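Step one of this worksheet: look at the structure below.
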Amino acid sequence: MFTGIVKAKGSIESMTPTGGDVRLTVRSAGLSWKDYEVGESIAVNGVCLTAVRLGADGFATDVSNETLSVTALGDLAPGSSVNLEPSLTASDRLGGHLVSGHVDCVGVVASREEDARSIRFDFELPAAFARYVARKGSICIDGVSLTINAVKSNRFSVNIIPHTADVTIIGGYRQGTRVNIEVDLLARYVERLLDPDAGGLSLDKLREHGYA
């Protein structure tokens, strides 16, 4: 699990085809990687990956073709900047919101506009995922926990303060940039609880118990 609070930025050193998959090597001086162990989870642009090698200034991880096909990691190249967050420990602060690192879909930057000292971004996501997005709700974009300001159809907007723009890759977004999106876990569970095909709540059940 993660919180969507990026701990460091890194850069892609190499993306090497290995046995049909890709070995991703990331360099970052922002964290003491010797404090971590092989097998630990690290979110790279919001995608939960497993460290298979650790060094003083970074780590390597294997990325399956499936992950490349359903995330924006395939857009990376040597030199690309990435957001990094190691997985939570029991004593960590929950500064953002609970994030699984399982990307739901790939979205795109629809617009970028300066808004006083912050930047206002509009993002567009596949229509099938629009129902999980709510005004003032939480969303994770490339591993960053953000609050949704407004929603219209399959677009939503967020404001990025200067600090977030500086310490994450979001400050470099331009119109057309593809991003990894993970919707709020609560939205997924609520949908499941309300699914009548899965034995969830229905209007008949509410009437039966005097709620409708």
Ala187, sole failed condition from (1) on the phi < 0 side of the Ramachandran plot; (2) small (Gly, Ala, Ser); (3) in contact with a strand residue (DSSP E or B) (Cβ under 8 Å, 6 or more places away or on another chain): (3)
One residue from Ala56, Ala60 being assigned by TED's automatic domain parsing to the domain that holds Ile12 and at pLDDT 95 or above: Ala60
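Residue-by-condition table, conditions (1) among the acidic types (Asp, Glu); (2) in the same structural domain as Leu49 (by TED's automatic domain parsing); (3) over 25 Å from Lys7 (Cβ atoms); (4) at pLDDT below 95:
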{"residue": "Ala110", "(1), (2), (3), (4)": "no, no, yes, no"}
{"residue": "Thr147", "(1), (2), (3), (4)": "no, no, no, no"}
{"residue": "Val167", "(1), (2), (3), (4)": "no, no, no, no"}
{"residue": "Gly171", "(1), (2), (3), (4)": "no, no, no, no"}
{"residue": "Gly176", "(1), (2), (3), (4)": "no, no, yes, no"}
{"residue": "Ala198", "(1), (2), (3), (4)": "no, no, yes, yes"}
{"residue": "Asp204", "(1), (2), (3), (4)": "yes, no, yes, yes"}
When residues of region 95-118 are limited to those that are outside any loop (DSSP other than H, G, I, E, B), surrounded by fewer than 18 Cβ atoms within 10 Å (Cβ to Cβ) and small (Gly, Ala, Ser), the one nearest to the chain's Cα centre (by Cα): Ala110
Single residue of region 156-198 satisfying the filter (more than 20 Å from Val82 (Cβ to Cβ) and acidic (Asp, Glu)) that is surrounded by the fewest Cβ atoms within 10 Å (Cβ to Cβ): Asp197
Options Val52, Val82: the member that is in contact with a Gly (Cβ under 6 Å, 6 or more places away or on another chain), surrounded by 12 or more Cβ atoms within 10 Å (Cβ to Cβ) and either part of a loop (DSSP other than H, G, I, E, B) or of a type in the set (A, V, I, L, M, F, W, C) (or both): Val82
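The values are calculated or read from the model by the stated rules, or taken from the named source; none is laboratory data. Just so you know, these numbers come straight off a predicted model, no measurement behind them. Cβ sites come from the backbone with ideal geometry, for glycine too, and all protein chains shown count toward neighbours.
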